[in-house]
Amino acid sequence: MAGNPRVGVLALQGDVREHLRALERLEAVAVPVRRPDELASVAGLVLPGGESTVIDKLARSFGLHEPIRQAIAAGLPVYGTCAGLILLADRILDAAAGQRSFGGLDVTVQRNAFGSQLDSFETELSVSGWEPPPVRAVFIRAPIVVDVAGDVQVLATLADGRIVAVQKGSVLGTSFHPEVTGDLRFHRLLLDLIQERAAAHDAVHAHQ
Ligand code: GLN
């Protein structure tokens, strides 16, 4: 891929700025995405934390639902944090009436899974295959993954075994928010997935 990758952050609601900053720190060209033509210009996309019901409604009214769904289905690398993970899940428990997701991860997520007594907390997690230090994970009214199917890989669990980070091909999702802690490893992984996709694309074209 020529130059630094252009990576979008869906900028309808939520912690958009933190993700833009994390991507910029990794020298990506980070762009807010609010329109289909902006989506078409990026090589990867972040779905931020926020409120999945609001992001879902706004995505539909901005004409972005179908383009995002199709882009993910066609292999656009994407990373969802918290509400973003909910937006990637094929199935949602405790969804609001009529709530939809873009899909892409063959998982069931449960919204607000920690209940009102434990709205927010932080813990350390080790991620499968990663060197120490562990990830400092911040959970804010977070979902958990209650069921994975197909070739979804579990990247991290809480000490009690509940699943909080998953990957399927170039689709990544975490229940927690690395964009607020300064640990850039998940964003780096997204950039690696973008790089791999570009290299595969170049290889196909070189043979034509
Ligand atoms: N509870 C929110 C939802 O259901 C997610 C919270 C978050 O992104 N921090 O969308």
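Brief remarks on what is shown
- Residues of region 40-84 that are of a type in the set (Phe, Trp, Tyr) and more than 15 Å from ALA30 (Cα to Cα): PHE62 alone.
- Cβ separations smaller than 7 Å between residues 6+ apart or across chains give the following pairs from region 76-94 residues that are modelled with pLDDT of 95 or more to residues that are within 8 Å of the ligand (Cβ to nearest atom) and part of a strand (DSSP E or B): CYS82/ILE140.
- Of the numbered criteria (1) within 16 Å of the ligand (Cβ to nearest atom); (2) touching a residue at least 24 places away in the same chain (Cβ under 8 Å), the one SER170 fails is (1).
- Within region 1-109, strands (runs of 3 or more DSSP E) holding 1 or more residues that are of a type outside the set (Val, Ile, Thr) and more than 16 Å from VAL171 (Cβ to Cβ): 6-10, 29-33, 89-93
- Out of VAL148, VAL164, VAL138, sole residue that is closer than 30 Å to ALA199 by Cβ and within 16 Å of the ligand (Cβ to nearest atom): VAL164
- Positions within region 110-153 being farther than 22 Å from ALA95 by Cβ and in a strand (DSSP E or B), in sequence order: PHE121, GLU122, THR123, GLU124, LEU125, VAL135, ARG136, ALA137, VAL138, GLN153
- Across region 55-75, the qualifying residues are those that are more than 16 Å from the ligand (Cβ to nearest atom) and without any contact (Cβ under 8 Å) to a residue 12 or more places away in the chain, and the one among them that is farthest from GLY150 (Cα to Cα) is SER61.
- Some residue of region 128-139 being surrounded by fewer than 16 Cβ atoms within 10 Å (Cβ to Cβ) and aliphatic (A, V, I, L, M): no
- Sole residue being among the acidic types (Asp, Glu), free of Cβ contacts under 8 Å to residues at least 60 places away in the same chain, closer than 26 Å to PHE121 by Cβ and out of contact with any Asp or Glu (no Cβ under 7 Å at 6 or more places or on another chain), chosen from ASP192, ASP160: ASP160
The values are calculated or read from the model by the stated rules, or taken from the named source; none is laboratory data. Predicted model only: the values in this text are computed from it and were never measured. Counting neighbours? That spans all protein chains shown, and the Cβs are built from the backbone with ideal geometry, glycine included.
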